[in-house]
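The values are calculated or read from the model by the stated rules, or taken from the named source; none is laboratory data. The structure displayed is predicted, hence computed values, not measured ones. Quick reminder, even Gly has a Cβ in these numbers, built from the backbone with ideal geometry, and neighbours come from all protein chains shown. Ligands, DNA and RNA are excluded from the accessible area calculation, which covers all protein heavy atoms including side chains. Shrake-Rupley method; radii C 1.70, N 1.55, O 1.52, S 1.80 Å.
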Amino acid sequence: MFKRLFWVSIGVGIGVVAVTKAQAYVKANTPDTARQFLLGPDQDHVTMRTLEGLVNESMPRVEPARLNLTANMRRGTSSRFPPDRYAQATNHTFGRHQASNNKGAQIHMRTSEIAKRFLDYFEQHDHLVVPSASLISPNPTTLFTIAGMVPFIPYLMGEQTPPKHRMASNQKCVRTLDIDEVGKTTRHGTFFQMLGNFSFGDYFKEEAIHYAYELLTTPQDKGGYGFDPEKLWMTTFTDDEEARSMWKNEGVDPEHIQIMGMEDNFWTTGGPGPGGPCSEIYVDRGPKYGVEGGPIADENRYIEIWDLVFENYEVDNVKSKTDLHIVGELENKNIDTGAGLERLAYLMQGKQNIYETDEVFPVIEAAQKLSGRTYGDDEAMDVRFRIVADHVRSALMIMSDGVRPSNNGRGYVLRRLLRRTVKAMRELGVTEPVMPTLLPTSKAAMEPSYPELNDTFHDVSEAAYGEEDAFRRTLESGTEIFDMAVTKAKQGGSDLVSGEDAFKLHDTYGFPIEITLEMAADQGVKVDEAKFRELMAEQKSRARADALKKRHNVDLSVYDDFKKTLLQPIDFLGYTDMSARAKVLGIMQEARVPFPPSPARPTSRSSSTARRSTRRPAASSPIRARFCPTMARCLRSTTCRSRSRTLSSTSAV
């Protein structure tokens, strides 16, 4: 006991002396120089251990926040500072206890805390904070929620009345159009979170600009983000002199306010509706990241973190970003902003890219242990590490919102994310199952922001593990055939894998064409994709002809015609429910419809009349829908109450 008190006293003394030295030195030097003076090139581990002791033994008496360890924390966890100790020190040192120097290096703040500060700030300014909507987009034209403003479109368009005219959210989003860029840049990710504040006919341009600037530049110990105002740059629309004047009123250097055209700084929904100029906020990362001159000169050095959209026009005839017709001024002007949480996080945590932040990097650490490789040793392998980290998190979040792997729509996007993860880990040298390690790691990293992940994780993990097992078998059988096809092409003096070989891989071995294309690119060859598509089309034609023969040449197009008359799609519950209540909309008899479809909307999954019974596990095998045996006695106005079989919507019609 006395030994412990002795070492605690020594630790306190070291901390006080070190703080005193740093305070004296910092008066005449920059923060970075002071940090080097305090730690020295060979002393960072000594001070780190001292901080560890202070955090555990004497937190009430010594303020570890005054030991500026930004340089150490920027490197992340290490064997010299275990992850649990790192979390304790991080939460105390870089939380709200430390005074911010908004003209120095950014102080580490967890991603969940960055989001919380955003929502807290706008709640204090009379905004209704709403939870994230599902990743499954309510818009039938998109598979996923692709932007933070998507759930608010009905309010922005004036189609619905918002619960409050000021709102804020942290919205989950997924975009996969640029999936091939993931891991190669600092900011491309398939899953991301968008912080946003919205005004529907309430405040407008001046308040939106003030709110954004105040939150960004307010010191961290006062609830802000503590960005150095001298590192912030703004872009504005060509004709928006008003916005430029308002930024100057906030104290922004006029030389840091740049002008861009409609291609960059005018926003619309892509169709008729509200639109208007926008102003984007950038952070200068410094000369080692590119040339001077602001965002116009280099958008790698200058990273966009927040976009403020001023919706004051009604537009129509939108053909492109620059080809549209402005009808006139809107009666109620809207504010729609979006701040990228991952971008804020990697800048505020002193990281090089979004993959090294606290919600993503733990998966890279787990992948390092599985592969025996070290992140940072080889750029080509680093890309694989980053693909794994991004895709595992995206798959986790998508599946937690109810999507499961399939060959269509959202399910196929999810399947591709999981398959790319397995393929990237194989390229890192791992042939055994990886999802049982990587998926729980991602859940643990994301759970502080989304506690509900734990509620669905059992079903999610079972489905993900099953998908991995199936694809590993496909890889094992198909990779050898693919290598033979590449060898054959090269021996023939060509860099083109034949469409026939690609089709054989797909048709016989279940090898997805996307994987074939990626593996071909890795080996410096191409695939005759046009021939592959031609063979696929021929196969589908043969399949349709065979199906027609099996139906005794019965033309089923009448079913398609009937489905077109429905007011909305009908949910098929046969894969998930043992029984459900449904309404008969029509009856087929010798390819005719004696009873026309009811004009009422069909019962759907969200209907108050729908009933749930025993549900099948999400990963169970699909069951075949059966025709209701009482169908011949039904009239179109009756309600089916068969509890023993599922009434398929296609069978019903």
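Rounded, prolate or oblate: which one fits segment 198-246, using the alpha carbon gyration tensor with axes a ≥ b ≥ c (rounded when a/c is under 1.5, else prolate when a/b beats b/c, else oblate)?
Details: a/c = 3.31, a/b = 1.40, b/c = 2.37.
In terms of gyration-tensor shape, oblate.
Keeping every protein chain present and rolling a 1.4 Å probe, give me the accessible area per residue for segment 168-221 in Å².
Value for segment 168-221: 32 Å² per residue.
Going by amide H atoms built from the backbone, whose H comes under 5 Å of the H on Val527, apart from near neighbours?
Close amide H contacts, sequence-distant or interchain: Val497.
Sorting check: for 462-475, 529-542, 153-166, which peptide has the highest mean count of neighbouring beta carbons within 10 Å, and how do the rest follow?
Peptide ranking by packing, descending: 462-475, 153-166, 529-542.
On a full-extension model of 0.36 nm per residue, what is the gain between Glu181 and Leu567, subtracting their alpha-carbon distance, rounded to one decimal in nm?
135.0 nm
Counting only other residues whose beta carbon sits under 14 Å from that of Gly429, what net charge do I get with K and R as +1, D and E as -1?
+1
What is the set of long-range amide H partners of Trp267 at a cut-off below 5 Å, with H atoms built 1.01 Å from backbone N?
For Trp267, whose amide H was placed from the backbone, the distant partners under 5 Å are Gly276, Cys278.
Given points 7 Å out from each Cα along the Cα-Cβ axis, report the Ala444 to Glu292 separation in nanometres with one decimal.
Output for this residue pair reads 4.7 nm.
Starting at the first residue of segment 338-354, write each ³J(HN,Hα) from the Karplus equation 6.51 cos²θ - 1.76 cosθ + 1.60 with θ = phi - 60°, in whole Hz, x for Gly and Pro.
Ordered by residue, 3J(HN,Hα) equals x, 10, x, 5, 5, 5, 4, 5, 6, 6, 6, 8, x, 9, 8, 6, 5 Hz.
Rounded to the nearest whole Å³, what is the per residue volume of the convex hull around the Cα atoms of segment 316-453?
195
How would you order 358-364, 121-127 from highest to lowest mean count of nearby Cβ atoms within 10 Å?
358-364, 121-127
Given a 1.4 Å probe and every protein chain left where it sits, what share in percent of the accessible area of segment 427-565 is carbon and sulfur?
Numbers: 3880 of 7670 Å².
Ligands and nucleic acids excluded, carbon and sulfur reach 51 percent.
In whole Å, how far is the Cα centre of segment 326-375 from that of segment 198-244?
Here the answer is 20 Å between Cα centres.
For Asp253, what charge total do you get from the other residues with a beta carbon under 13 Å from its beta carbon, if Lys and Arg give +1 and Asp and Glu give -1?
-2
Name the residues whose placed amide hydrogens come within less than 5 Å of the amide hydrogen of Val129, ignoring near sequence neighbours (fewer than 5 apart) on the same chain.
For Val129, whose amide H was placed from the backbone, the distant partners under 5 Å are Ala168.
Where the accessible area of segment 282-353 is counted over protein heavy atoms with a 1.4 Å probe, how much of it, in %, is carbon and sulfur?
Working: 1310 of 3030 Å².
With neighbouring chains kept in place, the figure for segment 282-353 is 43 percent.
Can you pull the one-decimal nm distance between simple spin-label points at Thr142 and Lys526, each 7 Å off the Cα toward Cβ?
In this crude spin-label approximation the distance works out to 3.3 nm.
Averaged per residue, what accessible surface does segment 272-415 expose to a 1.4 Å probe, in Å²?
37
Can you report the principal axis dimensions of segment 444-520 using only the alpha carbons, biggest first, rounded to whole angstrom?
Rounded to whole Å, the extents work out to 56, 22, 16 Å.
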